[in-house]
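**Q** Sending over a structure as structure tokens; questions will come in a sec.
The values are calculated or read from the model by the stated rules, or taken from the named source; none is laboratory data. Not measured: the values here are computed from a predicted model. Don't worry about glycine lacking a Cβ; one is built from the backbone with ideal geometry, like all the others, and counts go over all protein chains shown. Areas reflect the complete protein model, heavy atoms only, side chains present, ligands, DNA and RNA absent. Shrake-Rupley method; radii C 1.70, N 1.55, O 1.52, S 1.80 Å.
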Amino acid sequence: MSSVTPSQVAGKLGVVVIAHNDEALVGEAIRSVLDQGPVVAEVVAVDDGSSDGTARVLDELAALHPRLRVVHRTVNSGGCGTPRNDGVRAVTAPVVIFLDSDDILPEGAAEALVAAAELHRAPVAVGACVRRELPEGRDVRWQPALYHEPALLETAADLSPLVHDTLCVNKVYDRAFLAEHGIRFPDGHCVYEDFLFTARVLAAAPRVAVVPDTVYVWHVRRAAAHLSISLDRDGVTNWQARIAAHRMAVETFEAAGRLELAAACRIKFLEHDLRLYARELRLRDAAYRAEWWKATREHLTSFDESDLAAAAPPARWMARLVLAADGPRDLTRLSRLAADPARLLPPYALNGGAAVWSEDLPGAELDGIDTLPLAALPLLVDASLHGRRGGALRFTVRDLYGRLGAAVPRTAQVSFLLRDAEAPASTERAELHEVAGGWTGRVPARLTALAMAGRSRGDRGTQAWDLRITVACADGASFTTALRLPEERQRRWVLPSSRYGVLLVQQYTTANGSLAVRIAPGVRDGLRAVGARLRRLFAGLRKGMWA
């Protein structure tokens, strides 16, 4: 990138910002664009028929900033595609990027992307996106494996991994390239319109420059009054729309003769989309589950066996279960297999020596159980915290079709990580002892020391601790996973502490089925934690009364 100077990219980029009823947030999005510097020649903000003060906010900003122009749609289009198409038509700069009104571009993002495109003479440049959970401010990188180093992608094999990144916003596009190939967003009410747009871009076989920098911040507001499409998954129509978008993307690749990308798209559906929705299925009502299973099963019948075989476990095992079962079943077991990390709960059935989902579903084969390395297996470690004498953690490593029995687990190391911390605050090691069905061990939890470590990091309220275990075997193999708390072992303790007076401690199960621990040090934080729990309880009761 060093061979491209800021003066060479000045005035190259037009930014299309789309907004609908977002008066409180659109100003921050616009400012993040204007702060990108001289690389941004113009900003086109498209107000998609807002009924709040969004249009007024945009007009006031345009009066202050000459680079900003506003396009007003009098009627809402029903989707994101039409306003983006309007914006592309209004832009005059040679390169374009898209921004949603509730997100931001981080400092230097525009220059990094345009410089990469210029350096490699690539019509598309892509960079890393982070999902920022608000109000916590926690960042989670989107598809991190794609953006760990600079690269130039040219062949079908190079481009295939990009099928996993269906976002249209963390990329810049040469407008002449889009026009030459007739690439535009679907108009009107089209959920997951970016799936189809991205497929059209990749099907045109562009050279793609990759930068590892973070170029887009995707704000995730789970408590918002109106959830984004990616979060609003309560209705089965969202899943049906996702299947339809995926089907159209595959057809786009096939029509362009890009069969490698079509296959990669089907595998992406198994490894990402299917797992994402399957892990939530047990939380849905019976009608949703039945419709979800029917739609998924119908869609999977269009996949070849080669597609299933190419997908990584557990995705292919889940697909085989849906194809083999007439209707929803074993949903807790399915959700734990779909989680990250994946765990396969018993029973462990065999059919003619081959591992299968259950005895009555011999067609749902768990192929690879006997050959995969331990680190790739959905291994299960049950654990529970005990509050006496400073706290202790007891755990049992469960065998899986004899694989661990052959490897012979010897030792375990348990790491205690403060939520979102990069390194563990403490680690404890234990020898393992064989028992019926597995191997067991025990490590001290040192709850007061954990509370002190959390306080030293500035966590003054209730602390959330995640646990990881690494098991080493006699044959040299090892694996790392999260611990599982059996459902019946949810517990709370009030423990004496020489430093804080008391510790309020709770072991609980996270959304992905992992054991975690909350610690509230001191009377004040303990009472605050109890009060928060009571408020959630009463809110749930009120919701039930008025439902």
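**Q** From the list ARG398, ARG468, ARG394, which one is within 13 Å of VAL517 (Cα to Cα) and open to solvent by 70 Å² or more (accessible area, probe 1.4 Å)?
**A** So the residue among ARG398, ARG468, ARG394 that is within 13 Å of VAL517 (Cα to Cα) and open to solvent by 70 Å² or more (accessible area, probe 1.4 Å) is ARG468.
**Q** Continuing with the same structure: Among the listed residues VAL163, VAL201, VAL215, VAL208, which satisfies the condition of being farther than 28 Å from THR92 by Cα and buried (at least 17 other Cβ atoms within 10 Å of the Cβ)?
**A** VAL163
**Q** THR155 versus (1) free of Cβ contacts under 8 Å to residues at least 24 places away in the same chain; (2) over 22 Å from LEU119 (Cβ atoms); (3) loosely packed, with under 14 Cβ neighbours inside 10 Å: which is the lone unmet condition?
**A** (2)
**Q** Of all residues in region 257-286, how many are over 18 Å from ALA339 (Cα atoms) and open to solvent by 70 Å² or more (accessible area, probe 1.4 Å)?
**A** Residues meeting the conditions: 4.
**Q** Looking only at region 443-463, decide whether some residue is farther than 17 Å from PHE395 by Cα, touching a strand residue (DSSP E or B) at 6+ places or on another chain (Cβ under 6 Å), assigned to a strand (DSSP E or B) and open to solvent by less than 30 Å² (accessible area, probe 1.4 Å).
**A** Taking every residue of region 443-463 in turn, at least one turns out to be farther than 17 Å from PHE395 by Cα, touching a strand residue (DSSP E or B) at 6+ places or on another chain (Cβ under 6 Å), assigned to a strand (DSSP E or B) and open to solvent by less than 30 Å² (accessible area, probe 1.4 Å).
**Q** Picking from GLY27, GLY37, GLY79, which residue would you name as being of a type in the set (Gly, Ala, Ser), part of a loop (DSSP other than H, G, I, E, B), open to solvent by less than 60 Å² (accessible area, probe 1.4 Å) and over 21 Å from THR198 (Cα atoms)? If you could, list the steps in order and put the result at the bottom.
**A** Numbers: GLY27 fails: part of a loop (DSSP other than H, G, I, E, B); GLY79 fails: over 21 Å from THR198 (Cα atoms).
Being of a type in the set (Gly, Ala, Ser), part of a loop (DSSP other than H, G, I, E, B), open to solvent by less than 60 Å² (accessible area, probe 1.4 Å) and over 21 Å from THR198 (Cα atoms) holds for just one of GLY27, GLY37, GLY79, which is GLY37.
**Q** Which residues, taken from region 58-76, are touching a Gly at 6+ places or on another chain (Cβ under 6 Å) and either surrounded by 15 or more Cβ atoms within 10 Å (Cβ to Cβ) or in contact (Cβ under 8 Å) with a residue 40 or more places away in the chain (or both)?
**A** Within region 58-76, ARG73, ASN76 qualify.
**Q** Of all residues in region 300-348, how many are over 19 Å from LEU400 (Cα atoms), surrounded by fewer than 16 Cβ atoms within 10 Å (Cβ to Cβ) and of a type in the set (Asp, Glu)?
**A** Number of matching residues: 3.
**Q** Out of region 170-185, which residues are farther than 17 Å from ALA125 by Cα and open to solvent by less than 20 Å² (accessible area, probe 1.4 Å)?
**A** Passing the criteria: only PHE185.
**Q** Then there's this: Select from region 494-514 the residues that are in contact with a helix residue (DSSP H, G or I) (Cβ under 9 Å, 6 or more places away or on another chain) and among the aromatic types (Phe, Trp, Tyr) and list them in ascending order.
**A** Across region 494-514, the qualifying residue is only TYR500.
**Q** Identify all residues within region 496-514 that are part of a strand (DSSP E or B), aliphatic (A, V, I, L, M) and surrounded by fewer than 21 Cβ atoms within 10 Å (Cβ to Cβ); write none if there are none.
**A** Result: VAL502, single match.
Quick grid of which residues meet (1) part of a strand (DSSP E or B); (2) modelled with pLDDT of 95 or more:
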| residue | (1), (2) |
| --- | --- |
| PRO186 | no, yes |
| CYS190 | no, no |
| ALA199 | no, yes |
| PRO212 | yes, yes |
| ARG233 | no, no |
